[in-house]
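The values are calculated or read from the model by the stated rules, or taken from the named source; none is laboratory data. A quick note: this is a predicted structure, and the numbers were derived from the prediction, not measured. All Cβ positions, glycine included, derive from the backbone under ideal geometry; neighbour counts span all protein chains shown. We work out accessible area using only protein heavy atoms, side chains counted, and drop any ligands, DNA or RNA first. Shrake-Rupley method; radii C 1.70, N 1.55, O 1.52, S 1.80 Å.
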Amino acid sequence: MTTESLGAMRRTHFCGKLTEENIGQEVIIMGWIAKARDLGALIFSDVRDYSGLVQVVFDGEDENRQEIFKKAKTLRGEFVVGIKGLVRERSSVNEDLPTGHIEILADQLKILSKSEVPPIYVKDDDTVSEEMRLKYRTLDLRKTTMQKNLRIRGKLMKLTRDFFDQKGFLEVETPVLNRPTPEGARDYVVPSRIHPGEFYALPQSPQLMKQLLMVAGFDRYIQITKCFRDEDLRANRQPEFTQIDMELSFVDREDIMAINEDYLAYIFKELEGIDLKLPLDRLTYDEAMRRFGSDKPDLRFAMELIDLSPVLKESSFKVFASAIEGGGSVRALCVKGGADFYSRKKIDKLEAFVKDFKAKGLAWMKVNPEDIQSPIKKFLSPEEIQAILDKTQAQVGDLVLFVADKNKVVFDALGNLRVHIAKEMDLIDKEAFALLWVTDFPLFEFDEEEDRYVAVHHPFTAPKEEDLDLLDKAPEKCRAQAYDIVINGDEMGGGSIRIHNPEVQKKMFKALGFTEEAAYEKFGFLIEAFKYGAPPHGGLAYGLDRLTMLFTGRDNIRDVIAFPKTQAATDLLTGAPNSLDPDQLKEVHINIDSREE
C-alpha cells in the first residue's frame, strides 16, 4: 500500500477538541496512529494530534466499508492518517479521556505517511533513557507532556509580550555577533572570514546593548532573546538559553520591582489561576544567608539556620572553638522528627553530602526521651548542651546537625543540606509557590585564583549610594543596587540599577583591577556613549526556561526546550558540535593542530 496525498481532503476538527456536541456530525481529522487494536470484525484506532486523541472505529461487518476496513488492517503505530467519518456516542465510555464519550465511525481513510517501528514509545510513562529521548527527539516531542510543556512555554512568551506592550515597552532585537568581553562565563566565539584572526562572541546577555538603548532614549525596552554561556551544565542550565530581558530609564529599584510584581501577578493569574499577594516578601542578602544559608532560599518549609557561636565561643571542644576564633561560626539545623527518621547510617550519608560543599564534617545530636545521644556529647559541658537545646528549641524526637567552619562553608553546607533534608523528609508543599525578592547583594567578591575582586553580578551594577565612598577604600564592603526574584528556591530573574555616571564606572573598573587603558579598550564604546548624557536606568532579566519549568512542574530544563543539549553540551539529534572540513577551516583562517601531546 503506497501512501496517499491529501487531495481534496481538509481537516475540519482537531482530535482532542471533539465533544458530545459533535455527535451526528461528519468530521475530518488528521494525525498519528497512537494505538491500533484489531478485534476481527472491528478495528479500533486512537488517532492523536497536538490537541489530544480520539477513538476511530473501522467496521468490517458493514458491506459499504469493506475497502476502508481492509486498508485499516495495515495501520501501525505512528502512521500518519486522514480520516473522514461520523461522530457517534461511544459504547464503552473512558472517563480518563477528554474525548472518552465519543468516537468516529470511519467512512474514508487516507494513509498519508508510514512509520517504521519507533525506537522509543510515544507515551508519557515510558522508561526510556534520556539519551534515547534526545537522540529521537522528534518522537519524544510527540508525547502529551512534551506537547503541553512547549505550549505553556509559548503561552508564557505571548503573555509576556502582551503585558510589556501594554506598559509601553518596545521590543528591540540586539546583535548576536558581538565583541568578546571579560568578566562572567566563557564566551562562545565565532571566527571572522573577512577579518583574519579576529572573532565575534555570542552574547552571554544583551547587557551592554540594552544600556546603550537607554542612552539612545528608547526609555523602555523588552526582548525575548537567546543567550550563550560556555559553562558547566546542570539540570537547570543549558549552553544556550532564553531570557526575558528588560531595561527602563528614569527609574529606581522600587519602580522596577513594582512593575515586575505586576508582571508576575499577571502570568500567575493567567497560567495558574492564582492571585499573588502583593507586595512580595523581601529579604536582604545578609538576612537570607544568616537564616537559610542561601541567597535563593526556598520558603515553602521552615527549618532555619541557628547561630550557636555566642553560646559556644568558650567551648572546650576545639572544632567549635577554633572555627569561631578564626572568624567563622558554628551553626545548626534543628530537624523536627529527625531523630527517628535518620539512622546513624543515614546521618553518615548527610555528612558525605556536606563534604561536597567543603565542610570538614557534620556533628549531630539526637534528643531522645531519656537522654541526649551524640558523638560530641563528651566534649561539651552540661551547660553547653542545655544552651544548644534552648537556642535550637530542640524537643524530644528532634535531630540537631552542626557545621563549624568559615562562614561561606557553613552557609553553603547547611543551606544545601536544609533543602536536601526537606526533600528526603517530604517537607515541601509541591503545590505551593513562595516568591520573594532578595536585595542588597555584595557588589564584589574576592576571587582567590585570580587574586582580585570580581563583580558578583556584572561590572555595570551600581553600588548603593551610601556605599559610593567605599569603592576606593573598601570595595569588599560595597553593597549593590541589585535584586533577584526567587521562587521556590530558584533564582528566576535578577537585575540591578546600572551605573550611568562615567566617573563611577571608571572607579568600578579600577576596583576590578582594570587599568584605564584596558577598560577603555574593552568598554570604550560604553564609556563614550555615557559622555553624551546617560539617563539613570536599570533592568531585570528572567530565565524563560526556568519560568517554564516552574509552571509545568518539571525539574529538568531539557523538558521545556524543544531541542536541548546534553550535560556535555552536545546535540544527540543532529550530532552537534562536529568537525569542519579543511576548506571550511581555511575560509575562516583556522588551522587545527592534530598532533597528540
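Note on the chain: with neighbouring protein chains present and a 1.4 Å probe, carbon and sulfur make up 49 percent of its accessible heavy-atom surface.
Full extension of the segment from Y520 to E131, taken as 0.36 nm per residue of separation minus the current Cα-Cα distance, would add 135.4 nm. Given a Förster radius of 45 Å and the C-beta distance between A258 and I376 as r, what FRET efficiency does 1/(1 + (r/R0)^6) yield to the nearest 0.05? Using R0 = 45 Å, I get an efficiency of 0.35. Each label was represented as a point 7 Å from its Cα along the Cα-to-Cβ direction; for R37 and E448 these points are 6.4 nm apart. Straight-line reach from K70: taking Cα to Cα under 18 Å and skipping same-chain neighbours fewer than 8 places apart, the aspartates and glutamates in range are E4, D38, D46, D59, E61, D62, D107.
Amide hydrogen proximity for R479: with H placed 1.01 Å from N in the peptide plane, the residues at 5 or more positions away or on another chain lying under 5 Å are L443, K464. Distance from the C-alpha centroid of segment 286-303 to that of segment 55-113: 56 Å, rounded to the whole angstrom.
By accessible area of protein heavy atoms, probe 1.4 Å, what ranking do E198, E171 get, highest first?
Working: E198 105, E171 80 Å².
Order by accessible area, largest first: E198, E171.
Name the shape class, rounded, prolate or oblate, that the alpha-carbon gyration tensor gives for segment 238-285, where a ≥ b ≥ c are the square roots of its eigenvalues, rounded holds for a/c under 1.5, and otherwise prolate holds if a/b is larger than b/c and oblate otherwise. Note, shape of segment 238-285 comes out oblate. Between K336 and D469, residue separation times 0.36 nm minus the direct Cα-Cα distance comes to 43.3 nm.
Across every direction, the projection of the convex hull enclosing the Cα atoms of segment 1-71 has a mean area of 5.6 nm². The H on the amide N of L170, modeled in the peptide plane, is under 5 Å from the matching H of R220, Y221, I222, each at least 5 residues off or on a different chain.
Take the Cβ-Cβ distance between S92 and D555 as r, set R0 to 41 Å, and report the resulting FRET efficiency rounded to the nearest 0.05. Plugging the Cβ-Cβ distance into 1/(1 + (r/R0)^6) gives 0.65.
According to the Kirkwood relation over distinct C-alpha pairs, the hydrodynamic radius of segment 448-492 is 12.2 Å. Here K355 and E314 are evaluated by their C-beta separation; at R0 = 25 Å the FRET efficiency comes out at 0.35.
Full extension of the chain between A8 and A568 gives 196.8 nm of extra length, using 0.36 nm per residue less the Cα-Cα distance. With the convex hull drawn over the C-alpha atoms of segment 504-597, the volume per residue is 272 Å³. Each of N578 and K346 was given a label point 7 Å from its Cα along the Cα-to-Cβ line. The distance between the two points is 5.0 nm.
Ordered from highest to lowest accessible area with the whole protein assembly present and a 1.4 Å probe, H457, H195, H537 read as H195, H457, H537.
Legend: residues R558, R546, sorted from most to least accessible area (1.4 Å probe; ligands, DNA and RNA excluded), read R546, R558. Coupling constants for segment 463-475 follow from the phi torsions by the Karplus curve (6.51 cos²θ - 1.76 cosθ + 1.60, θ = phi - 60°), and in residue order they are x, 4, 4, 6, 9, 4, 5, 7, 4, 7, 9, 8, x Hz; glycine and proline get x. Across the options Q108, G77, G52, the greatest Cα extent toward the positive end of the charge dipole of segment 19-147 (unit charges at beta carbon of Lys, Arg, Asp, Glu) belongs to G77. Here K167 is the anchor, and the lysines within straight C-alpha reach of less than 18 Å, apart from those fewer than 8 places off in the same chain, are K158, K210, K269. In segment 131-280, a dipole from Cβ-located charges (positive for Lys and Arg, negative for Asp and Glu) runs towards its positive end, and of M214, F228, I152 it is I152 whose Cα lies farthest in that direction.
Taking only protein heavy atoms into account and a 1.4 Å probe, give the accessible area per residue of the chain in Å². Write down the numbers at each step before the final one.
Details: 31040 Å² over 597 residues.
Counting only protein heavy atoms, the per-residue value for the chain is 52 Å².
When only the Cβ of Lys, Arg, Asp and Glu is charged (+1, +1, -1, -1), the dipole of the chain relative to its Cα centre reaches about 1000 debye. Between D62 and E198, the simple spin-label model (points 7 angstrom out along Cα→Cβ) gives 7.1 nm. In order along segment 280-293, the Karplus-derived 3J(HN,Hα) couplings, from 6.51 cos²θ - 1.76 cosθ + 1.60 at θ = phi - 60°, round to 6, 5, 9, 9, 6, 4, 4, 5, 4, 5, 5, 8, 10, x Hz, and Gly and Pro are given as x.
Of the residues L547, H458, Q386, the one whose Cα sits farthest towards the positive end of the charge dipole of the chain is L547 (charges of +1 on Lys and Arg Cβ, -1 on Asp and Glu Cβ, taken about the Cα centre). Between the C-alpha center of segment 336-397 and that of segment 132-207 there is a gap of 47 Å. Each residue of segment 188-196 was assigned a 3J(HN,Hα) from its phi angle through the Karplus expression (A = 6.51, B = -1.76, C = 1.60, θ = phi - 60°), giving 7, 10, 10, x, 9, 6, 7, 10, x Hz with x at Gly and Pro.
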